[in-house]
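In what follows, a structure is listed as structure tokens, so that the remarks can point back to it.
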């Protein structure tokens, strides 16, 4: 009985010693393989990066790691600032090295289809004349502002008196798709006729803002006698200054 116990203990000791020497050998082999190898620091995806993620937001999805230079992927990102103004052209999975080849400009992604809708938002479409949409310059990936003009009636002695009121209702609205473009005037066609071309835009909004947008666009229907609001769109950029806006009426427009 004692002989069996002693044998089992010896077998366990030998197994532990064998595992220790095996691990030491493997670690030594790795060290020998990397000895003299040039190392470089790379960014590795920690959590999945959805398609359409902005380059500025990537820092929340990656960690840094050191790898042999020969294992560095082509166009590896060494400075996250290089991704500013770009967006992910495809989904990036955990464990991938971050490569600038996986990022494009918003215009480049728009050329492949439709801009993804940010998480938690929903999309809706509306149509406006080209002259109210910056002459058709708006593209998928752009951010727009919207000015609404309401025409409340003021009852006068003889007839209703219009007192339109204009104000910015939205800023920084993401455009995900544009259908239809402004057409230049053809021979025999006036500039006014060409400016009447329609453009359909699809945008991304939160649920509360979607309700407000529908209220504004419901009134911009020339075929129905509603007309309680008209809309004009502006093209915004990161440097746009939206301060100082106010309700504009006949009392302060001049």
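The values are calculated or read from the model by the stated rules, or taken from the named source; none is laboratory data. All values reported here derive from a predicted model rather than from experimental measurement. Every residue, glycine among them, receives a Cβ derived from its backbone with ideal geometry; neighbour counts consider all protein chains shown.
Can you pull out the residues in segment 58-74 that are over 13 Å from residue 92 (Cβ atoms) and more than 22 Å from the chain's Cα centre (by Cα)? The answer is 64, 65, 66, 67, 68, 69, 70, 71, 72, 74. Taking segment 120-158 as the search range and keeping residues that are at positive phi and assigned to a loop (DSSP other than H, G, I, E, B), which one is modelled with the lowest pLDDT? My answer is 141. Kindly establish whether residue 95 is under 26 Å from residue 45 (Cα atoms), in a loop (DSSP other than H, G, I, E, B), at pLDDT 80 or above and not assigned by the TED database to the domain that holds residue 75. No.
Among the residues of segment 78-95, the ones that are surrounded by fewer than 16 Cβ atoms within 10 Å (Cβ to Cβ) and either under 13 Å from residue 51 (Cβ atoms) or over 17 Å from the mean Cα position of the chain (by Cα) (or both) come to 7 in all. Across segment 211-235, the number of residues qualifying as modelled with pLDDT of 85 or more and surrounded by 16 or more Cβ atoms within 10 Å (Cβ to Cβ) comes to 6. Considering the conditions (1) surrounded by fewer than 12 Cβ atoms within 10 Å (Cβ to Cβ); (2) within 27 Å of residue 174 (Cβ to Cβ), residue 66 is excluded by exactly one of them, (2).
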